[in-house]
Structure formats: C-alpha cells, structure tokens
Amino acid sequence: MPRVLVVDPLSPDESAIREAVRVLRAGGLVALPTETVYGLGARALDERALARVFAAKGRPLNHPLIAHVADATQAARLAAHWPKRASDLAHAFWPGPLTIVVRRRPDLPAAISGGADSIALRVPSHLVALAVIAGLGEAVAAPSANRYQGLSPTTAQHVVKELGDRVDLVLDAGPCDAGIESTVVDARQAPLRVLRPGAIRLSALRAVVADTEDTAESVAEGAPRVSPGLDARHYAPRARLVVADTWAHAQRIAHGIASEGGRVAIVTHERPPATETPDTVLLQPMPADPAAYARALYGTLHRLDDTGLSAIVVVRVPNDDAWWAVSDRLRRASSDPGTK
Ligand code: TXA
Ligand code: MG
C-alpha cells in the first residue's frame, strides 16, 4: 500500500502539498488529483523520475507524457515555438482540461516526449494539482495514474488498486469532476488537429480556432497513428466490453452471454423498457446527461470490473458534440471494435 494523504480539494492542506513536493524533488512518484482524472506525477525535468513513471505504468517508452504547468508563460518557456493558436487556446481554456502539443525545447529530457520533438502542455484547474506545481516550481509530468491501456482512475482508491506500491504517495482529494481525460490538440500547424477527444468539446475548440480537424475519428478507423492515446484499444476494463446499438440489442447480447453461463452487466443511459431481465444480467443505469455520464463512466467500469464479470454491454450513446469524448472512450474500450 502506498502512503495516502487526504487533502481538501478546495483548500489544499499545506503540509500535504509540502510532502508531495518533497517526494517529487527526491525523484519519487506522487499520484495527484486533477479536474479530469488522477495523474501519476513526477518531476518533468528528471530523466530518472520519468523512467519510473514508464515502469510504474508498464507504458512503452515512445508514448509521450503531458507536462503540467502553472500558466501559459511557463508552458511557452518549454516550447521551441509558441504559436498564436496555442496562445489563443491557452487564453480560452487554461486552467482547464485542454492539452496543447507544440514543438519542444531541444534541451528537455527526451523521455517526456517519448523521443519526439514535440511536447504536450496543460495547466490543470484542480487546486491540489496547481498547489503541487507551484510548490515544486517546475513542470510536473503526469500521465493518467493507471497501468498501460487500463481504465483511468477517477478516485484515489482506483490509483491504489491499479498501481499499489509503484507509487510513493497518493493525494486523495475525492472523485474527479470531469471524470474523462483532457482534450489533446496538435497546435503546430493549421488546421489545428484533435489528437484525443476529451473534456473540452469540439464545438468549443472551433469557437476559438475555426480551422480545427477532428483526426481522432479517422485514426480510430485505421488511418496511420498520430498519437499513442489514439491506439484502437485503450481505456479498457478487464472484462470484455461490447457496445450495443440499442437497449434491445444490448439485451440480446447479454442474454446470449448469460445463457452460456457468463456473468454480464448492461450499462445504459436509456431508461430500460419494462421487459424482464434475467437475474444473471446486472442492470447498471447511467445518467442521461453527458457530463454526468462522463463523470460516472470510469468509476462504474472499475466497480463492475471488480466484481469479475465476463462481459459489460454498453448501450451506445449519441454520436454528437456533447457525447464526443464518451463515445470515443467507449469505442476504444470495446474489446471488439467490429461489434459496433
Ligand atoms: O486529463 C489528462 O490529460 C490526464 C491528467 C492527469 O492530466 N492525463 C493523461 O495523460 O490523460 P496520458 O499520458 O494518460 O495521456 C496523454 C495523451 C496520450 O494520448 C498521449 O499520446 C498524448 O496525450 N500526448 C502526450 N504528449 C504528446 C505529444 N508530444 N505528441 C502527441 N501526443 C501526445
Ligand atoms: Mg492515460
């Protein structure tokens, strides 16, 4: 068990922040809350600490990390070039769940960018994350605090369950607000390219940078890889996850699995019709509001996964702006992208 310190999310206790900063300075790993998901924090400029992050996650070394900074000025200092579109986006969305990829300063540790010449930067809005960054006085590298390709953690308990002693200290500030990761954009050229849908919507990006291309969709359909977070299988529970078109479709799939002796859950934001569902099929209602659904999603999948189900059948969510990130994650979490 790692050490866990409970922190007030609205008024972070100074002693806990001091301890987190001490661990980071010593090259350690601190799991910390952000407004999206919990991150696995390390000093971004410390090669050895970064190596520990990759090892703790079991993450391939060519998968770059996000550097979390205090403000746009600190972000621009880590960039070789800070284009106007980056500064417009920073102005509109920081602090908040937008990650901006730009060219990196060549003297930064190569590990932060997985060997590439770019760097991903974000100013989180969570007061605990900001306090840790301010206390350290440097950028904090923080991928989601889960094992490679697994479900992101939205509570400190998820982090402990997933990483155990691989992390030195966990700051527990309760559940994350957005519950889904930041939107990642490549701001190096026009059009602005979305590398990962997330908590900032496509329409909001386009209101700031009209020339924005949603590349995530085409990549999911098999185009060349532009960002490791876009790998087809990612954000996945251990159980087989299947996305069903409708409630009736979900029921048919679930019955099929249950009749073969499997234990299965149906996750649905639609109110199920009053038809009978066999006892072997667990019904998991979800909020109909997309933001509330996103907040609940990973926690629900973590909980269902912990009960050792053989399959989770999720009723498809609308494919529109409000559901953009959720529908992306469900697609990537699904074990059989053909079953769509
Ligand atoms: O909400 C979030 O972004 C959370 C919290 C902790 O901030 N962090 C997070 O980090 O989700 P991670 O490492 O799990 O995902 C980072 C995403 C990956 O899809 C990665 O490929 C992409 O950002 N990324 C990072 N650096 C990049 C770069 N230099 N070029 C392209 N993509 C990059
Ligand atoms: Mg991740």
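The values are calculated or read from the model by the stated rules, or taken from the named source; none is laboratory data. These numbers were taken from a predicted model, which means no experiment stands behind them. Every residue, glycine among them, receives a Cβ derived from its backbone with ideal geometry; neighbour counts consider all protein chains shown. In case anyone asks, the SASA skips ligands and DNA or RNA and just uses the protein heavy atoms, side chains included. Shrake-Rupley method; radii C 1.70, N 1.55, O 1.52, S 1.80 Å.
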T183 closer than 30 Å to I100 by Cα, at pLDDT below 95 and polar (S, T, N, Q): no
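Could you name every one of the helices (runs of 4 or more DSSP H) located completely within region 31-141 that has at least 1 residues being closer than 25 Å to S11 by Cα, more than 10 Å from ligand 1 (Cβ to nearest atom) and touching a strand residue (DSSP E or B) at 6+ places or on another chain (Cβ under 9 Å)? Break it down stepwise before answering.
On the way: elements: 47-57, 72-78, 84-93, 127-136.
Result: 72-78, 84-93, 127-136.
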Scan of region 148-164 for residues that are closer than 19 Å to A236 by Cβ and either within 11 Å of ligand 1 (Cβ to nearest atom) or open to solvent by less than 20 Å² (accessible area, probe 1.4 Å) (or both), ordered by number: Y148, Q149, G150, L151, S152, P153, T154, V159, L163
Among (1) touching a Lys or Arg at 6+ places or on another chain (Cβ under 7 Å); (2) in a helix (DSSP H, G or I), the one test that G299 misses: (1)
Given (1) within 16 Å of ligand 2 (Cβ to nearest atom); (2) open to solvent by 10 Å² or more (accessible area, probe 1.4 Å), number of the condition K57 does not satisfy: (2)
Scan of region 239-277 for residues that are exposed (fewer than 14 other Cβ atoms within 10 Å of the Cβ), under 29 Å from the mean Cα position of the chain (by Cα) and charged (D, E, K, R), ordered by number: D245, R271
Odd one out for V167, checked against (1) away from ligand 1 (no atom under 11 Å from the Cβ); (2) surrounded by fewer than 24 Cβ atoms within 10 Å (Cβ to Cβ): (2)
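Consider Y293 carefully, then state whether it is in contact (Cβ under 8 Å) with a residue 12 or more places away in the chain, among the hydroxyl-bearing types (S, T, Y) and not assigned by TED's automatic domain parsing to the domain that holds W324. Quick ask: steps written out before the conclusion?
On the way: in contact (Cβ under 8 Å) with a residue 12 or more places away in the chain: yes; among the hydroxyl-bearing types (S, T, Y): yes; not assigned by TED's automatic domain parsing to the domain that holds W324: no.
Considered against the rule, which asks whether it is in contact (Cβ under 8 Å) with a residue 12 or more places away in the chain, among the hydroxyl-bearing types (S, T, Y) and not assigned by TED's automatic domain parsing to the domain that holds W324, Y293 comes out as no.
Take D305 and decide whether it is surrounded by fewer than 21 Cβ atoms within 10 Å (Cβ to Cβ) and in contact (Cβ under 8 Å) with a residue 60 or more places away in the chain. Steps first, answer last, please.
On the way: surrounded by fewer than 21 Cβ atoms within 10 Å (Cβ to Cβ): yes; in contact (Cβ under 8 Å) with a residue 60 or more places away in the chain: yes.
So D305 fits the description; yes.
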Pairs where the first residue, in region 136-151, is at pLDDT 95 or above and the second is small (G, A, S) and within 9 Å of ligand 1 (Cβ to nearest atom), C-beta under 6 Å, 6+ apart: A139/A67; V140/G41; A141/A67; A142/G39; A142/G41; S144/S152; A145/G39; N146/S152
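Within region 12-22, can one find any residue that is under 22 Å from the mean Cα position of the chain (by Cα), in contact (Cβ under 8 Å) with a residue 40 or more places away in the chain and assigned to a strand (DSSP E or B)? Let's see the steps before the verdict.
Step one: of region 12-22, the residues under 22 Å from the mean Cα position of the chain (by Cα) are 20.
Checking the rest, the ones that are also in contact (Cβ under 8 Å) with a residue 40 or more places away in the chain come to 20.
When the remaining residues are screened for being assigned to a strand (DSSP E or B), the result is none.
No, the conditions are met nowhere in region 12-22.
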